[in-house]
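Student: I have a structure here, written as C-alpha cells, and I will follow up with some questions on it.
The values are calculated or read from the model by the stated rules, or taken from the named source; none is laboratory data. None of the values given here were measured: they were computed from a predicted structure. Backbone-built Cβ (ideal geometry, glycine too); neighbour counts: all protein chains shown. Each accessible area value is taken on the protein alone, full model and side chains, heavy atoms only, with ligands, DNA and RNA left out. Shrake-Rupley method; radii C 1.70, N 1.55, O 1.52, S 1.80 Å.
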Amino acid sequence: GKKLGYTFNHRNLHNVSLGQGQEVVAEQALDLAAKEGHWVILQNIHLVAKWLSSLEKQLEQHSQGSHRDFRVFISAEPAPSPESHIIPQGILENSIKITSEAPTGIHANLHKALDNFSQDTLEMCSQEKEFRSILFALCYFHAVVAERRKFGAQGWNRPYPFSSGDLTISVSVLYNYLQASSKVPYDDLRYLVGEIMYGGHITDDWDRRLCKTYLEEFIKPEMMEGELCLAPGFPLPGNMDYNGYHQYIDDVLPAESPHLYGLHPNAEIGFLTQRSERLLRTVLELQPRDSSEALRAGGTREEMVQALLEEMLEKLTEEFNMAELMAKVEERTPYAVVALQECERMNALTAEIRRSLTELELGLKGELTMTSDMETLQNSLFLDAVPESWLRRSHPSTASLGPWFADLLARINELEAWTRDFSLPSTLWLGGFFNPQSILTAIMQTTARKNKWPLDKMRLQCDVTKKSREDFPSAPREGAYVHGLFMEGARWDVQTGTITDARLKELTPAMPVLFLRAIPDDKQDTRGMYPCPLYKTPQRGPTYVWTFNLKTKENPSKWVLAGVALLLQI
C-alpha cells in the first residue's frame with residue numbers, strides 16, 4: 001500500500017467468498033469500499049452465475065465518482081468448456097486479467113510439489129530417513145498424476161482436480177503414522193493415499209487401478225534399500241536436506257518424456273496430434289459462413305452441401321423389413337435376438353438420416369423454409385462433422401463425417417449378410433455393433449444353455465489367435481471369433497503370444513482375430529495375465545465394453561501405467 005501512496009491494513013480489506021447467499025454481503029462491501037477507498041476480494045464468482053449481471057451493473061456505477069484507492073479483485077475457477085463461460089463481457093473488458101496456470105512438465109511439477117514443504121518439515125519426524133524418502137516419493141507421485149492428464153484418455157479416463165492439498169494431507173498422515181509406529185505401514189499408507197486422499201476424486205474404476213499401481217511402484221520396502229527407481233534413470237534420492245532435493249531434481253531428473261509417467265513415447269505423438277486436430281477444426285469453424293464469401297473452386301457452400309447430401313441419399317440403403325426378418329427366424333436364439341436388435345437400431349438411425357437430408361434438400365431448393373435444425377445440419381455437412389441428431393441415434397464415434405458414413409455402410413452390409421439366414425458369421429466385427437456387450441453376453445448365454453451352467457458363475461475367456469479374418473471359413477462350434485480390435489499403448493506379439501512394447505509411430509496396431517468362449521469362473525487362470533479394458537473409442541471413459549485377460553511376460557503393472565487398452569474404433 002505504501003508504494004502506491006497510501007497506507008493499507010486489514011480494516012481496508014473486504015474478503016467475500018461467494019455462494020451460500022453471500023451476494024448481499026458482497027454488494028454492501030462494494031458500496032462501502034467505493035466510498036472509503038477500500039479493497040474488495042470476491043472469490044468463486046463462478047458459483048453465482050445469476051448474480052453476475054447485477055455485479056456488472058454495480059461495478060459500472062462505481063466506475064465513476066468512487067474513491068481513487070477503490071479496487072476490486074475477482075477470482076473464478078476456469079470454465080471446463082467454451083459453453084460454460086459465464087463472466088459478463090463488460091467485466092472482462094474493463095479488468096486486468098491474470099491467470100494462474102499449473103506448471104507444465106514433470107520437472108516444474110516436482111519442484112512445485114516440493115515447494116509445499118520446508119527444511120523444518122523434513123526434520124519434524126523421528127524416523128527421518130523413512131519420512132524423507134516417502135515424502136519425496138509422494139511428491140513425485142503427485143507430480144505424475146497431476147501432469148498425466150495432458151495425455152488425454154490414455155493418461156486418465158476422466159480429468160480429476162488433484163491439488164496440493166491432497167499432497168500436504170497425505171504427508172501429514174505419513175508423519176502421524178511414522179510417529180506412532182516403529183515400522184513403516186506401507187499397505188495402510190498406500191490405501192489412505194490411493195483410496196481416500198487422491199482416490200476420493202477418482203470416479204472411474206480403471207483410473208483407480210492406475211492410481212493404486214503408481215503407489216505400489218513408488219511406496220514399498222525396496223525404497224529404504226536404495227533399489228527403487230521412480231522413473232527410468234531417476235532413482236529415489238538418499239537422505240538430503242531441503243535444498244539438496246531441489247538440486248537433485250535439477251541434476252538427475254531426465255528430460256521430459258512419456259517414460260517418466262510409465263507411458264510409451266507414442267502417447268506424446270497421440271496427444272500432440274489430437275491437439276493439432278482441435279486447433280485446425282477451430283480454425284475451420286471460424287471461416288466465413290456466408291455463401292457470397294465462401295466461393296471456392298468446388299462452388300458455393302450450398303452447392304457443396306447439395307452434392308454431398310445427394311451422394312449420401314443415393315448410397316443409403318433401404319431400411320430392414322423387421323416383419324420379414326422376424327418371420328425368417330426359426331428359433332430366437334441369443335444370437336438371433338442380438339441381430340434383430342441391431343437391425344432395429346440401424347433402422348432408427350437410417351430413417352433419421354434420410355428424413356433430415358430430404359428435408360434439407362427441399363430447403364436448399366426453396367420448397368421448404370429453412371429452420372435452425374436444417375441450418376445446423378447444413379453447417380455439419382459443410383464442416384465434415386457428424387450431425388448431432390445422427391450421433392444421438394448412433395454408436396459413439398470420434399470420426400469425421402466421411403469415415404463415419406463409410407463405416408455406417410459397412411455396418412449395414414455386415415447386418416445384411418448376417419440376417420440372410422441368421423447363421424453366425426465366421427468372424428464377428430465387434431466394432432460394428434451398436435451394443436457390443438450384447439453379442440458378448442449372447443456368447444455366454446448360448447454356452448450356459450448348452451451346458452446348463454449358471455450365467456452369473458461364468459466368464460469370457462479370450463484367446464488371441466495367430467490368424468486374420470480371411471483365415472476362418474466358418475464359426476467355431478462353441479463361442480465366436482471376433483475381429484476389428486486395436487491395441488493402444490502396446491502391441492500384440494503374434495510369435496510369442498503376449499503383449500509387448502509398441503513400435504514407434506504405430507499408435508494403434510491391429511489385433512489378430514480373437515477366439516472368445518465362455519468358461520466357469522473356477523476354470524479361469526489369471527496368472528501371467530493383464531486385465532485389459534476394451535473401449536468403443538479412443539475417448540475411453542464411458543465407452544467401456546468388457547475386460548479381456550491377455551497374456552504377458554512382463555509385470556502387468558507395466559501395462560497399467562502405460563495405459564494399455566483395446567479399442568473398437570480408431
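Student: In whole Å, what is the distance between the alpha-carbon centres of the range 398-465 and the range 35-86?
Tutor: 56
Student: Could you calculate the FRET efficiency of residue 35 with residue 227 from 1/(1 + (r/R0)^6), where r is the beta carbon distance between them and R0 is 60 Å, rounded to 0.05?
Tutor: Values: r = 67 Å, r/R0 = 1.11.
Between residue 35 and residue 227 the formula returns 0.35.
Student: Starting from the exponent 0.38 and prefactor 2.2 Å, build the expected Rg for the range 425-569 from its residue count and divide its actual Cα Rg by it. Present the calculation step by step, with values, prior to reporting the outcome.
Tutor: Details: Rg = 14.9 Å, N = 145, 2.2 N^0.38 = 14.6 Å.
Normalised Cα radius of gyration, the range 425-569: 1.02.
Student: Please list 267-279, 131-143 highest first by mean number of surrounding beta-carbon atoms within 10 Å per residue. Show your work: numbers first, answer last.
Tutor: On the way: 267-279: 14.6, 131-143: 23.9.
Ranked from most to least packed, the peptides come out as 131-143, 267-279.
Student: At 1.4 Å probe size, with the rest of the protein present, what percent of the exposed accessible area of the range 106-265 is carbon and sulfur atoms?
Tutor: Details: 3350 of 6690 Å².
Carbon and sulfur together cover 50 percent of it.
Student: Just to check I understand the Karplus step: with θ = phi - 60° and J = 6.51 cos²θ - 1.76 cosθ + 1.60, what whole-Hz values come out for the range 85-100, glycine and proline as x?
Tutor: Couplings: 6, 10, 6, x, 4, x, 5, 5, 5, 9, 10, 8, 8, 10, 10, 10 Hz.
Student: Taking 25 Å as the cut-off for C-alpha to C-alpha distance, list the pairs among 220/558; 212/523; 220/505; 328/457; 328/467 that go past it.
Tutor: Table pairs above 25 Å Cα-Cα are 212/523; 220/505; 328/457; 328/467.
Student: Still on this structure: So if I place +1 on the C-beta of Lys and Arg and -1 on the C-beta of Asp and Glu, and nothing else carries charge, what would the dipole magnitude of the chain be about its Cα centre? I want it in debye, nearest 20.
Tutor: Values: 59 positive and 75 negative charges, 188 e Å.
Taking the Cα centre of the chain as origin, the dipole is about 900 debye.
Student: With a Förster radius of 60 Å, plug the Cβ-Cβ distance of residue 466 and residue 93 into 1/(1 + (r/R0)^6) and report the FRET value to the nearest 0.05.
Tutor: Working from the Cβ atoms, E equals 0.40.
Student: What's the carbon and sulfur percent of the range 440-570's accessible surface, probe 1.4 angstrom, rounded to a whole number?
Tutor: Values: 3150 of 6480 Å².
Exposed carbon and sulfur together represent 49 percent of the surface.
Student: Go through 260-266, 399-405, 310-316 and give me the packing order, highest mean Cβ count within 10 Å leading. Working shown, then result.
Tutor: On the way: 260-266: 22.3, 399-405: 15.9, 310-316: 12.6.
Output ranking for 260-266, 399-405, 310-316: 260-266, 399-405, 310-316.
Student: Of the peptides 426-432, 365-371, 111-117, 388-394, how do they stack up when ordered by the mean number of other Cβ atoms within 10 Å, highest first? Don't jump to the answer; show the numbers that get you there.
Tutor: Numbers: 426-432: 22.0, 365-371: 10.6, 111-117: 17.9, 388-394: 15.7.
Per-residue mean Cβ counts within 10 Å order the peptides as 426-432, 111-117, 388-394, 365-371.
Student: What size of dipole, in debye to the nearest 20, comes out for the range 108-162 about its Cα centre when the only charges are +1 on Lys and Arg C-beta atoms and -1 on Asp and Glu C-beta atoms?
Tutor: 460
Student: Over the chain, average the accessible area per residue using a 1.4 Å probe and give it in Å², no decimals. Walk me through the intermediate numbers first.
Tutor: Values: 29880 Å² over 570 residues.
Per-residue accessible area for the chain comes out at 52 Å².
Student: Next question. Taking H placed 1.01 Å from N in the peptide plane, check which residues at least 5 places from residue 163 or on another chain put their amide H under 5 Å from its amide H.
Tutor: It is none; the list stays empty.
Student: Can you work out the Karplus-derived ³J(HN,Hα) for every residue in the range 160-166? Use 6.51 cos²θ - 1.76 cosθ + 1.60 with θ = phi - 60°, whole Hz, and x for glycine or proline.
Tutor: Using θ = phi - 60°, the values come out as 10, x, 4, 10, 5, x, 4 Hz.
Student: Based solely on its DSSP helices, what 222 nm [θ] is calculated for the chain when runs of n ≥ 4 H residues each add -39,500 (n - 2.57) and the sum is averaged over all residues, nearest 500 deg cm²/dmol?
Tutor: That calculation yields -13500 deg cm²/dmol at 222 nm.
Student: Of the listed values (i) 24.7, 79; (ii) 30.0, 107; (iii) 29.8, 92, grab the one calculated as Rg and Dmax of the Cα atoms in Å from the structure here.
Tutor: Matching the structure shown: (iii).
Student: I'd like the distance between the alpha-carbon centres of the range 304-341 and the range 352-369, rounded to an integer number of Å.
Tutor: First find each Cα centre; the distance between them is then 22 Å.
Student: So what is the relative contact order of the chain, in percent, for Cα pairs below 8 Å that sit 6 or more residues apart? Please list the in-between numbers first.
Tutor: Working: 743 pairs, mean separation 59.7, N = 570.
In percent, rounded to a whole number, it is 10.
Student: What's the magnitude of the charge dipole for the range 389-534 around its Cα centre, counting Lys and Arg as +1 and Asp and Glu as -1 at the beta-carbon? Answer in Debye, nearest 20. Could the numbers behind the result be given before it?
Tutor: Values: 19 positive and 16 negative charges, 59 e Å.
Magnitude of the dipole: close to 280 debye.
Student: Sticking with this structure for a sec: Karplus couplings for the range 250-260 from phi (6.51 cos²θ - 1.76 cosθ + 1.60, θ = phi - 60°), rounded to Hz, Gly and Pro as x?
Tutor: Listing the rounded values in order: 5, 7, 10, 4, x, 4, 3, 6, x, 4, 5 Hz.
Student: How much length, in nm to one decimal, is gained on full extension between residue 379 and residue 285, taken as 0.36 nm per residue of separation minus their Cα-Cα distance? Write out the running numbers ahead of the final one.
Tutor: Numbers: separation 94, 0.36 × 94 = 33.84 nm, distance 0.92 nm.
Gain on stretching residue 379 to residue 285: 32.9 nm.
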